[in-house]
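Peer 1: Got a structure for you, questions after.
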Amino acid sequence: MQADTGSQTNGQDQEFRNLSCLYEITRHLASATSLQECLEKIVQTLAELKEMDNGTISIINPTTGELEIEVAHGITAEAKRRGRYKLGEGITGKVVATGEPIIVPQIGDEPLFLNRTRTRGDERKKKSSFLCVPIIAAQQTLGALSIDRMYREGFGSESEHDMRFLTVVSGLIAETVQRIQRVNEEKEALRQENSKLRRELSAKNRIDEIIGNSSRMQEVFDMVHRVADSNATVLLRGESGTGKTLVAKALHHNSGRAAGPFVVVNCSALPESLLESELFGHEKGAFTGATETKKGRFELAEGGTLFLDEIGEISPAVQVKLLNVIQERTLQRLGSGKIIATNIRLVAATNRDLEAAVKEMAFREDLYYRLNVFPVYLPPLRERRTDVLLLAEYFLEKYAQENNKQIKRISTPAIDLLVQYHWPGNVRELQNCMERAVLICDGSAIMSIHLPPSLQSPDSLQTDKPLSLATAVENFERELIVEALKKSNGNQTKAAKILATSLRIINYKIHNYGIEPKHFKVK
């Protein structure tokens, strides 16, 4: 009777420990967002509450198809790396392959036990019991959960009880793995959707007439699309050659006024007397030489866009009249008292510091505020270096086609020079540079020698020391050899013929410059 009572008490204690352990495990599983962290807490809980040593969870690597230890309690990182098994290999591999649990009363007596982790070498650990159960989700075995237990007499009934308990735990792990996988799949789907939307937005924001993928230009594209449909006055700021005229055209063509005229006035190209007449028009006989009535650019731009380039160069007298037109939306031709209403979208551009001009009283403050309703800053080319190669390739294709030349690419040294140069003349300078290079190039690639000397000066290369003659010759030789290897698909004999030299010299140079011909073989 007393033995029965003691056995019942032990069973109740064991049941309580099982429930406590399952409670802790389910608590960890319920709050799990990281699979690794969750599994580590499970094997730690098994060790603390169930005295199950060396708790290990192995998962199939989808890439290699091998079982790899995901988490393990009580073994080193090096031992974890060694614990890899093919399906069917060892006890763990057999459990995953068959989907059936395995109990080993004493590890040392089991020939299937491979001890890859080398953690059970001493005699005491060889007498430990080993239990391994599969982790199955949606009728697919994902991995295995295994533990060590100190071998005890009467192992059979206790081991069966432990096996049922571990099977329950493995089922909970499988459910959590599925849940976390679903969450990760949803996150990945959201990430891909977000990436797709970003690409679509980027494509939508792109302006066909303007080349550029840099973040600075994406900001410009975004600003253009934001203001295009409004009638707000836009002031384009930036250095000469940054593409202000192209942006002004883009504002017009992306607006509701696209069907109307786009009229350009370069304010710095006309003297004050002619500029006033060009802008506002004049009546016949208004001044000497006015032999007929002429409409001004404001009238010619009716229903469309008027682009005033170099607005910072206009005289104080023209500034006053321009301010009145912008404020009142009406004008009077020179020599006429008739008031004419205007319906235009005004875009202005300048490379001057208008704020400084206002302080110096060279530009009217009230006109400045009328123009500066929606400023858009165009970055210089040196601040958007990722666009340099994109622009260079665009101009290469354009001028090669115009001049009927079969130039397909830009050599690596030439690319280096283009990217390192500071481009004081911005995109306009790059355009002229590529046109010149195309005209003097007789091969299939733009080489560094085809670029203007200004790009190869010490200042442009941002170096304190000019190249020595020997270094310059080496760079040129290396470039010629690389180009020849590219043409010959890495064949050194053919490269030697292209360069009209001997194979021995080519091989010597290739070895001396550390060039790898195999890198130029097209597979």
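Each value in this text was obtained by applying a stated rule to the coordinates, not by laboratory testing. Given the structure is predicted, the values throughout are model-derived calculations rather than measurements. Cβ placement follows ideal geometry from the backbone for every residue including glycine, while neighbour counts extend to all protein chains displayed.
Peer 1: Treat the count of other C-beta atoms within 10 Å as a stand-in for reagent exposure and order Tyr85, Tyr368, Tyr394 from fewest to most.
Peer 2: Working: Tyr85 23, Tyr368 18, Tyr394 15.
Ascending Cβ contact count within 10 Å gives the list Tyr394, Tyr368, Tyr85.
Peer 1: May I ask for the Rg/Rh ratio of the stretch 13-134, computed from Cα atoms with Rh as the Kirkwood radius, given to two decimals? Kindly include the intermediate steps, with their values, before the conclusion.
Peer 2: On the way: Rg = 14.8 Å, Rh = 15.3 Å.
Rg/Rh: 0.96.
Peer 1: Among Ser146, Ser215, Ser273, Ser129, which comes first, then next, by fewest other beta-carbon atoms within 10 Å?
Peer 2: Values: Ser146 25, Ser215 10, Ser273 13, Ser129 19.
If I rank by nearby Cβ atoms, fewest first, I get Ser215, Ser273, Ser129, Ser146.
Peer 1: For a quick check: with amide H placed at 1.01 Å from N, whose amide H comes under 5 Å from Glu70's, ignoring anything fewer than 5 positions away on the same chain?
Peer 2: When sequence neighbours closer than 5 places are left aside, the close amide H contacts are Ile57, Ser58, Ile59.
Peer 1: In sequence order, what are the phi-derived ³J(HN,Hα) couplings for the stretch 497-502 according to the Karplus relation 6.51 cos²θ - 1.76 cosθ + 1.60 with θ = phi - 60°, rounded to whole Hz, with x for glycine and proline?
Peer 2: Coupling constants for the stretch 497-502: 5, 4, 8, 6, 9, 8 Hz.
Peer 1: Sticking to Cα atoms, compute the Rg of the stretch 467-523 to one decimal and its Dmax as the biggest Cα-Cα distance, whole number, in Å.
Peer 2: 11.1, 38
Peer 1: Looking at the chain only, what percent of DSSP beta bridges run antiparallel? Nearest 5 please.
Peer 2: Numbers: 28 of 48 bridges.
About 60 percent, rounded to the nearest 5.
Peer 1: Take Lys487, project a point 7 Å from its Cα along the Cβ direction, then tell me which residues of the stretch 409-448 have their backbone nitrogen under 18 Å from it.
Peer 2: Zone members listed by number: 409-414, 438-448.
Peer 1: Per the Debye formula with a single identical scatterer at each Cα and no solvent contribution, what log10 I(q)/I(0) holds for the stretch 202-344 at q = 0.09 Å⁻¹?
Peer 2: Calculated log10 I(q)/I(0) at the listed q: -0.32.
Peer 1: Just grab the label-to-label distance for Asn432 and Leu87, each label 7 Å out from Cα along the Cβ direction, in nm (one decimal).
Peer 2: Placing both labels 7 Å beyond Cα along the Cβ direction yields 6.9 nm.
Peer 1: Obtain the radius of gyration and the Kirkwood radius of the stretch 314-361 from its C-alpha atoms and give Rg over Rh.
Peer 2: Numbers: Rg = 13.2 Å, Rh = 12.7 Å.
So for the stretch 314-361, dividing Rg by the Kirkwood Rh gives 1.04.
Peer 1: Express in % the proportion of alpha carbon pairs of the chain at distances exceeding 35 Å.
Peer 2: Working: 87172 of 136503 pairs.
Value for the chain (Cα pairs over 35 Å): 64 percent.
Peer 1: From the phi of every residue in the stretch 243-252, what ³J(HN,Hα) in whole Hz does the Karplus formula 6.51 cos²θ - 1.76 cosθ + 1.60 yield, where θ is phi - 60° and glycine or proline is x?
Peer 2: My calculation for the stretch 243-252 gives x, 5, 5, 4, 5, 4, 5, 5, 4, 5 Hz in order.
Peer 1: Another one. For the chain, what is the calculated [θ] at 222 nm in deg cm²/dmol (nearest 500), taking -39500 (n - 2.57) for each run of four or more DSSP H residues and dividing by its residue count?
Peer 2: -15500 deg cm²/dmol
Peer 1: Right, here's the next one. In terms of modelled amide H atoms, which long-range or inter-chain residues lie less than 5 Å from the amide H of Tyr377?
Peer 2: Arg237
Peer 1: So, one more: What is the diffusion coefficient of the stretch 64-146 in µm²/s, taking the Kirkwood radius over Cα pairs and the Stokes-Einstein relation at 25 °C with a viscosity of 0.890 mPa s?
Peer 2: Working: Rh = 13.1 Å.
My calculation gives 187 µm²/s for D.
Peer 1: Using the Karplus curve 6.51 cos²θ - 1.76 cosθ + 1.60 with θ = phi - 60°, work out ³J(HN,Hα) for each residue of the stretch 409-420 in order, rounded to whole Hz, and write x for Gly and Pro.
Peer 2: Here the 3J(HN,Hα) series is 7, 10, 5, 4, x, 5, 4, 4, 5, 4, 6, 7 Hz.
Peer 1: A further question on this structure: Against the empirical 2.2 N^0.38 Å scaling, what ratio does the C-alpha Rg of the stretch 387-465 come to? Please list the in-between numbers first.
Peer 2: Numbers: Rg = 11.9 Å, N = 79, 2.2 N^0.38 = 11.6 Å.
Rg over 2.2 N^0.38 Å, computed on Cα atoms: 1.03.
Peer 1: Right, here's the next one. Taking Cα atoms, how many degrees apart are the long axis of helix 2-30 and the longest axis of the chain, rounded to 10 and kept between 0 and 90?
Peer 2: 10 degrees
Peer 1: Between Asn254 and residues 5 or more places away or on another chain, which pairs have amide H atoms under 5 Å apart, with H built 1.01 Å from N, and which residues are they?
Peer 2: Result for Asn254 returns nothing.
Peer 1: Starting from the Cα of Lys244, draw a straight line to each of the aspartates and glutamates and keep only those under 13 Å, dropping any in the same chain fewer than 8 residues away.
Peer 2: List returned: Glu209, Asp309, Glu310.
Peer 1: What does the convex hull of the Cα atoms come to per residue for the stretch 338-378, in Å³? List each step's numbers first, then the result.
Peer 2: Values: hull volume 4.4 nm³, N = 41.
With only Cα atoms used, the stretch 338-378 gives 106 Å³ per residue.
Peer 1: Which of the GluC sites (Glu not before Pro) found in the stretch 334-434 are loop residues per DSSP with 15 or fewer other Cβ atoms within 10 Å of their Cβ? Let's see the in-between values first.
Peer 2: Numbers: sites: Glu355, Glu360, Glu365, Glu383, Glu393, Glu397, Glu402, Glu429; in loops: Glu360.
Those that pass, being in a loop and sparsely packed, are Glu360.
Peer 1: Arrange Phe130, Phe374, Phe395 by Cβ neighbour counts within 10 Å, fewest through most, would you? Intermediate values should be presented prior to the final figure.
Peer 2: Working: Phe130 22, Phe374 16, Phe395 19.
Least to most surrounded, the residues fall as Phe374, Phe395, Phe130.
Peer 1: What is the projected area of the convex hull of the Cα atoms of the stretch 272-409, averaged over all directions, in nm²?
Peer 2: Details: hull surface 50.4 nm².
Orientation-averaged projected area of the Cα hull: 12.6 nm².
Peer 1: Once the piece of chain linking Ser454 and Glu188 is laid out straight, how much longer is it, given 0.36 nm per residue of separation minus the C-alpha distance between them? Kindly include the intermediate steps, with their values, before the conclusion.
Peer 2: Details: separation 266, 0.36 × 266 = 95.76 nm, distance 4.88 nm.
That pair, Ser454 and Glu188, stretches by 90.9 nm at full extension.
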